[in-house]
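Single-structure report; data block below.
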Protein chains: 2
Amino acid sequence: MKFTNLATLLLLPALPALAQDGANQALDSDLIPPEIAARAVALRDRALTDNLSVDIVESVTTEVGPRRMGTEGDKRVIAWSQAKFEELGFDRVWTEPVELDHGWIRGEVKAEILEPFPHDIVMTALGYSIGTDGDLVGEVVEFANYDELLAVPEGDSLKGKIVFLSYSMPDYVAPTDGSGRGAYGEGTRARGKGRVEAARRGAEAFIIRSVGMSNNRIGHTGSGYSYEEDVRKIPTAALTAPDAMLIQNMLRRGKPVVLKINMTSEIIGPQMSANIIGEITGREDPDRFVVLGAHVDSWDEGTGALDDGAGIGSMMAAAAFIGQMDRRPRRSIRVILFSGEEIGFYGVNAYIEKHRDNIDAHLLGAEVDTGGGRANTLSSRVGENSLPLVREMHKLVAPLDIAFNDANNVHAQSDMSVLSKEGMPALHLRQNPNGYFMYHHTPNDTFDKIIPEDMRYLTAAYTTLFYLAAELDVDFRD
Amino acid sequence: MKFTNLATLLLLPALPALAQDGANQALDSDLIPPEIAARAVALRDRALTDNLSVDIVESVTTEVGPRRMGTEGDKRVIAWSQAKFEELGFDRVWTEPVELDHGWIRGEVKAEILEPFPHDIVMTALGYSIGTDGDLVGEVVEFANYDELLAVPEGDSLKGKIVFLSYSMPDYVAPTDGSGRGAYGEGTRARGKGRVEAARRGAEAFIIRSVGMSNNRIGHTGSGYSYEEDVRKIPTAALTAPDAMLIQNMLRRGKPVVLKINMTSEIIGPQMSANIIGEITGREDPDRFVVLGAHVDSWDEGTGALDDGAGIGSMMAAAAFIGQMDRRPRRSIRVILFSGEEIGFYGVNAYIEKHRDNIDAHLLGAEVDTGGGRANTLSSRVGENSLPLVREMHKLVAPLDIAFNDANNVHAQSDMSVLSKEGMPALHLRQNPNGYFMYHHTPNDTFDKIIPEDMRYLTAAYTTLFYLAAELDVDFRD
């Protein structure tokens, strides 16, 4: 903990004075006893001054780094997670095995424009692409969006071609359906299934402009195994935005653009991984619990600071702060670090398989999987009778500049959305992107992109809300 | 020209209405006849609406791309430059040979942290590094700045070590000495001679945090041949900022950090290149000329859009606009595209060698080598009697939001600063950086980083100033 304390001393400016109106209102609440509200406020304000969440991200990015499911980094992060839970004083720490049907070796990508003007270009393999088996040479056919590709008849109309999807993600617009996607979703449709749909039309390879908003000459990877067994497998990769625009500049001249691509990616056999779980055990009702989630895997070209180191850091720290109080909360708090979210929700699916008979014990859940930005809006999906309490809980985080979305229809994010759809009540804090859609899934997802003060604000909000949820004797399904 | 016109139609918003105060004042000038001032204003306003400078950058980045001196791209850009000058209607176009004493093959860099936590890391070879001849393994010794390294006694005090200079360039601060460097210069000292000074102290390799302000996980290259013949040659490379910070995070834990580096860079024999010159021939006094400069070479990991495609585009376009008037100016205008600026001013030195007896014919010069940002300040270095005229000339570009620095002590930039120091009078427009110190010398120096409207403003300023300088019958040495 020496490093934690040092970092805390070095990084913390004077604490901003929070407006106490929210806290005072809550103290008058019929639903939250004054003593509990006071404890929640003290916890919140302590979390604002403690850099633990940031230090945890620093630790996982420095000591582990990339940790794609099934790789050596995955093995290292399982050990790191257990050790970190122990170090933070969690009462119980355990792992649950998760099977991965296919492993994948990224290999290397070299690509050149041969015609009309020779250039070396930069692209990155999309997840679970096959390799090219030597050099693949083909003429580029551009599609402005995925629907244009789908409109081409199946068969051999794109025979021998390299399909190039030039869709450019516009500025991030917060989605209205709570899915956390928006404009990003249009890109990810093609990132996953484009390889199959291009092959159905005869193409030799499928390449896309990197999904995301970055103009950096580094690629954005993504996607798990998405080939279909009855469709020829073709290689697939993401061009950087500047390289996509370079090809478009050439196509605009009306000249054929010919690429040479060499990829050494390889799909391999099954691998074993694990979810890692840490518990702060409740003092009165330990077998029922609130759950805080993040995914422990990352993409393999950055160090997974934003995606999802920020989730690991904020959720571990929130539960640790609650565990450091003078008494345990009424019910337990579990932090679940899910395996294999990036490549297809392997961890949460294994978790549900194992705990299917005990979903009712999951009182309330949330996940952070949008980086370390501040929360700006609290949403929920709880029983109708519980909504007034959630509104009261919100008042204690409102001083952190968090609004409340009263629609009560938002599943939690990522892995926790799967549990939420199985009936677990959920909270969700929408966050400021803080460059998430510039950096995630790229080599740029590194610790320097974390803004410490923003992560402390995010962590303080979850700490407050989940302390209350664990302490108060309520059933959020009501 | 079809493409130029299309782009112009597509890219141009409505022309901003310029305040005409500056123009009206100049029309009252004793030094600039009203007809000439009116022509200058018309030319300026035409340049603001013509996207030619941007289209030239698009052309060189798309049709040529990287063009480091001595490479295939260098040969291509010589042909491209001649063809472009012809296409733009220059009266005379020629090349002058430039010799390069050493060529260089970049090769590839692979680097890993072996201890204390394994990571693949990203670095790029600095210019003219030797390779590692297989894997080089060594412990890292950090120096916070170059003077700290120089303070270590020569001999074997760093024997077997990898010297790591972690100097981080602060935000760009405009230099006060007209050198165009400032905080960047502190980084470039080490980028050039660090390899020699580290070797003098026994080190096996010299690595630096990338010079520049980018937090992207791509390296910043630079430097020409800078080994000294009596000092052992060691490899040298630039870590990306996130990788430099990763190593610092490990060092902060008090644990030895061991790297493995494999570089296949190679220094090769002499190469031939050329300066390319285009002339708009003066109608009355054709053997005296004003000169607009840019460097034709670029670094080899981007496409050289900012460094120095923007110089090529703005200077070619400025002279072309003047050449498209209904009559030639009094004296000639030469655009000189210098070879090998990046690796040691080869082009300008060859130019001076060839034209030493004719420097007096160079009436006034300027160079653009800071990207495509708008000009914000006009500086000069002219004879004392000419300064009042430069002040009057300034009034015609003042409506472009350009201030005037009256100190009259600023040599032109880059190559033209060398000519300026040989006695050529000079103008210099300081520009807004527009991300120059984020992108230049990296793979990110690509066409999408050009802001078209800003380049039109920049080009309009040089067009106006150099039309006047070519037209008016003055000697700027007076």
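The values are calculated or read from the model by the stated rules, or taken from the named source; none is laboratory data. Since the model is a prediction, treat every value here as computed from it, not as a measurement. A quick note on method: Cβ atoms are made from the backbone with ideal geometry, for glycine too, and the neighbour counts reach across all protein chains shown. Note: accessible area is taken over every heavy atom of the protein model, side chains too, but ligands, DNA and RNA are not part of it. Shrake-Rupley method; radii C 1.70, N 1.55, O 1.52, S 1.80 Å.
List of remarks:
- Cβ pairs under 7 Å, 6+ apart, first in region A:297-322 and within 14 Å of chain B (Cβ to nearest Cβ), second aliphatic (A, V, I, L, M) and open to solvent by 10 Å² or more (accessible area, probe 1.4 Å): A:ALA305/A:ILE450
- Matching residues in region B:383-410 - criterion: being crowded, with 21+ Cβ neighbours inside 10 Å and assigned to a loop (DSSP other than H, G, I, E, B): B:ILE402, B:VAL410
- Residue in region A:254-281 that is nearest to the other protein chains (Cβ to nearest Cβ), counting only those that are open to solvent by less than 10 Å² (accessible area, probe 1.4 Å) and over 29 Å from A:THR71 (Cβ atoms): A:VAL257
- The requirement of being under 15 Å from A:ASP308 (Cα atoms), in contact with a Phe, Trp or Tyr (Cβ under 8 Å, 6 or more places away or on another chain) and open to solvent by less than 20 Å² (accessible area, probe 1.4 Å) is satisfied by A:ALA366.
- Any hit, region A:424-438, residues being open to solvent by 20 Å² or more (accessible area, probe 1.4 Å), part of a loop (DSSP other than H, G, I, E, B) and within 14 Å of chain B (Cβ to nearest Cβ): yes
- Among residues of region B:100-113, those that are within 32 Å of the chain's Cα centre (by Cα) and open to solvent by 20 Å² or more (accessible area, probe 1.4 Å), counted: 8
- Some residue of region B:245-253 being open to solvent by 10 Å² or more (accessible area, probe 1.4 Å), part of a loop (DSSP other than H, G, I, E, B) and more than 24 Å from B:ARG68 (Cα to Cα): yes
- Every residue from region B:26-75 that is within 11 Å of another protein chain (Cβ to nearest Cβ), part of a loop (DSSP other than H, G, I, E, B) and in contact with a Lys or Arg (Cβ under 9 Å, 6 or more places away or on another chain): B:VAL64, B:GLY65
- When region A:114-126 is limited to residues that are more than 9 Å from chain B (Cβ to nearest Cβ) and farther than 17 Å from B:ILE218 by Cβ, the one that is surrounded by the most Cβ atoms within 10 Å (Cβ to Cβ) turns out to be A:LEU126.
- Residue check for B:GLU86: more than 23 Å from B:PHE206 (Cβ to Cβ), in contact with a strand residue (DSSP E or B) (Cβ under 7 Å, 6 or more places away or on another chain) and outside any helix (DSSP H, G or I): no
- Count - residues of region A:313-366 that are under 22 Å from A:TYR225 (Cα atoms), part of a loop (DSSP other than H, G, I, E, B) and not aliphatic (A, V, I, L, M): 6
- Residue within region B:238-245 that is within 22 Å of the chain's Cα centre (by Cα) and either away from chain A (no Cβ under 14 Å) or free of Cβ contacts under 8 Å to residues at least 12 places away in the same chain (or both) present: yes
- Every residue from region A:278-307 that is assigned to a strand (DSSP E or B) and in contact with a helix residue (DSSP H, G or I) (Cβ under 8 Å, 6 or more places away or on another chain): A:GLY278, A:ILE280, A:ASP287, A:ARG288, A:PHE289, A:VAL290, A:VAL291, A:LEU292, A:GLY293, A:ALA294, A:HIS295
- Number of positions in region B:218-237 that are out of contact with any Gly (no Cβ under 8 Å at 6 or more places or on another chain) and more than 10 Å from every other protein chain (Cβ to nearest Cβ): 9
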